[in-house]
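The values are calculated or read from the model by the stated rules, or taken from the named source; none is laboratory data. These numbers come from a predicted model, not from an experiment. Every residue, glycine as well, gets a Cβ built from its backbone with ideal geometry; the counts of neighbours run over all protein chains shown. SASA here: full protein model, heavy atoms, side chains in, ligands and nucleic acids out. Shrake-Rupley method; radii C 1.70, N 1.55, O 1.52, S 1.80 Å.
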2 protein chains.
Amino acid sequence: MKDLVGRPGSVSGLVLRLGQCAFAASAIGVMVGALGFSTFTAFCYLIASMGLQVLWSFGLACLDIYALTRKRDLQNPILVSLFVVGDWVTATLTLAAACSSAGIIVLYSRDLGFCKDQHHLPCKKFQISVAFAFITWALTAISSHVMFWILLASV
Amino acid sequence: MKDLVGRPGSVSGLVLRLGQCAFAASAIGVMVGALGFSTFTAFCYLIASMGLQVLWSFGLACLDIYALTRKRDLQNPILVSLFVVGDWVTATLTLAAACSSAGIIVLYSRDLGFCKDQHHLPCKKFQISVAFAFITWALTAISSHVMFWILLASV
């Protein structure tokens, strides 16, 4: 499991964490730039959840940089267990936020046709933000699985 | 790990599967009984996802009954890996369906106040159905974690 892509303390792991961080921050940025987002509880929750994801991923990216520069090994079972739990929690919260926002977007654009009729609604921005949230979830799910395999191999 | 509550082929495992099955079926029943649910894509997806959950949980409940009556052991790594993947997939789909429907319900009842103003909307039924979906997800997440621990102990 020493060569697993995305393992903590490796370049691929760092890229994965920076990707999560970048997409989560982009989701927040696009959503905040969409006029009237604050009237939707789900979109506010998306921002909160993406904020937590940014903090978690940024923290682990810093740890990866530390491990890479000091050539430290981060693959001990206690640390990996912590990463598994953290990734599982943030992945669940991210999926919940992305899905609740996606439910509203599908309702507005497909079921009610509001996006066609009401041009003041920034539907495109809402959609882009949710797409970024789903990409963040996919990247966190990959991290979570890599950690799971490392944990499985280390016991 | 032989005494873990909820393990496959045990009475507690059977109860867990039957619980998932019952709550998923109740979620479908309540949603189908709510007038006009079919105009919401998210609610239709909830029914599809809960249908898949019923099939999966019912299948595993039958397997548990078979193992209990014939006194067979279901805890071999290949079978448990299959259960882990299946539980993980169904739990993710259930959470996605519950959250997308919950997003719409929060929008209607809290953000727009439609549930107060438009009395023809069966908001209570929608809410009960989504609550059942969340309980189904919680039970599936428990199953998924139990399987994960069994897999961890068997390697």
Boolean, A:Tyr108 is of a type in the set (Phe, Trp, Tyr) and in contact with a Phe, Trp or Tyr (Cβ under 6 Å, 6 or more places away or on another chain): yes
Residue count, the stretch A:116-155 (criterion: within 13 Å of another protein chain (Cβ to nearest Cβ), assigned to a helix (DSSP H, G or I) and not small (Gly, Ala, Ser)): 12
Top-ranked residue in the stretch B:32-47 [being in contact (Cβ under 8 Å) with a residue 40 or more places away in the chain and surrounded by fewer than 12 Cβ atoms within 10 Å (Cβ to Cβ); ranked as farthest from A:Asp111 (Cα to Cα)]: B:Leu35
Selected residue (only one of B:Asp73, B:Asp64 is open to solvent by 80 Å² or more (accessible area, probe 1.4 Å), among the acidic types (Asp, Glu) and modelled with pLDDT under 95): B:Asp73
Residues within the stretch A:11-31 that are buried (at least 20 other Cβ atoms within 10 Å of the Cβ) and more than 15 Å from A:Phe132 (Cβ to Cβ), tallied: 4
Sole exception among (1) open to solvent by less than 60 Å² (accessible area, probe 1.4 Å); (2) over 22 Å from A:Ile142 (Cβ atoms) for B:Val84, by number: (2)
Members of the stretch B:128-155 that are over 25 Å from A:His145 (Cβ atoms) and open to solvent by 30 Å² or more (accessible area, probe 1.4 Å): B:Ile128, B:Ala131, B:Phe132, B:Ile135
Residues of the stretch B:48-88 that turn out to be assigned to a helix (DSSP H, G or I) and either within 14 Å of another protein chain (Cβ to nearest Cβ) or touching a residue at least 12 places away in the same chain (Cβ under 8 Å) (or both), as a count: 27
Odd one out for A:Lys125, checked against (1) open to solvent by 30 Å² or more (accessible area, probe 1.4 Å); (2) without any contact (Cβ under 8 Å) to a residue 24 or more places away in the chain: (2)
Some residue of the stretch B:89-104 being open to solvent by less than 20 Å² (accessible area, probe 1.4 Å), within 11 Å of another protein chain (Cβ to nearest Cβ) and over 17 Å from the mean Cα position of the chain (by Cα): yes
B:Arg110 vs. criteria within 11 Å of chain A (Cβ to nearest Cβ), out of contact with any Lys or Arg (no Cβ under 6 Å at 6 or more places or on another chain) and open to solvent by 70 Å² or more (accessible area, probe 1.4 Å): yes
